[in-house]
1. What percentage of all Cα-Cα pairs in the range 75-201 are separated by more than 21 Å?
2. So what's the angle, to the nearest 10 degrees on a 0 to 90 scale, between helix 58-70 and the longest Cα principal axis of the chain?
3. Which distance in nm do the two modelled labels at residue 119 and residue 160 give, with both placed 7 Å along the Cα-to-Cβ direction?
4. Please report the antiparallel percentage of DSSP beta bridges with both residues in the chain, rounded to the nearest 5.
5. Build a GNM of the chain with springs between Cα atoms under 10 Å: which of 180, 63, 98 gets the top mean-square fluctuation?
6. Rank these for me by crowding, 117, 32, 108, going from fewest to most other beta carbons within 10 Å.
7. Sorted from largest down, what three extents in whole angstroms do the Cα atoms of the chain have along their principal axes?
8. Could you check the simple spin-label distance between residue 148 and residue 66, using points 7 Å along Cα→Cβ, in nm with one decimal?
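All of the numbers you see were taken from the coordinates with simple rules; none came from a lab. The model shown is predicted, which means the values in this text are computed figures rather than measured ones. For neighbour counting, all protein chains shown are included, and Cβ atoms are generated from backbone atoms with ideal geometry for every residue, glycine included.
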Ligand SMILES: [Zn+2]
Ligand SMILES: [Zn+2]
């Protein structure tokens, strides 16, 4: 048998008109270029009716807006990821503000701190994170925050910028229960990635048990971090079902309950309205 042969996987089934929202995906990335239409069709087949495609720099923010224009059910965010802030200048902020007012833009991000990788100096990351938080607040948009190995610093900056009338989400949540509860205090949602399906993700699994259902949303972070049973391969919105199923198992509730709650939460945060 060929090494590349894909093992068939069995998707959990969403009942009736139940649906999911993938609150964080990077549909503009190279990984989807060859078959984006198929990826979107497959998402629909598996109940993922809406997808937020997230900007990480000016180009991808532009691409996100275009994707939202072209595809029903796709919405965009605008922002500059901590990896890409080193070259940000004043005039870029004007561009970002203008882009953020375009149709289909539902949040500002992803912005934040990433101390795991070293793509931009810490002080530069912190300065641009704080400045983009201010901009998002001026624009009255919810925040999409990226935090890798920077929990304390992220919390400090957000605490200083509190309150957030438009709310926000800690995407690809990777902290513990105490950190989750601290950001909930700031009015944030906690977005659970496919990592929660990994055997060793005990801290995240414990956090999911402790976060109230009305604060949980779900994401793929595709093309990265595919859940089991697709770990290590390209992630895509349809695989969100496996993350939802794991959250249901951890909370001892049904998949339908997780779908209904996480969808209602994402609709509220991103002001999507019901479909
Ligand atoms: Zn991120
Ligand atoms: Zn991302």
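1. Counting every Cα pair in the range 75-201, those more than 21 Å apart make up 37 percent.
2. Taking Cα atoms only, the helix is inclined about 50 degrees.
3. 2.3
4. 0
5. Top of the fluctuation ranking is 98.
6. Numbers: 117 10, 32 22, 108 30.
By the 10 Å Cβ count, ascending: 117, 32, 108.
7. 53, 40, 40
8. 2.5
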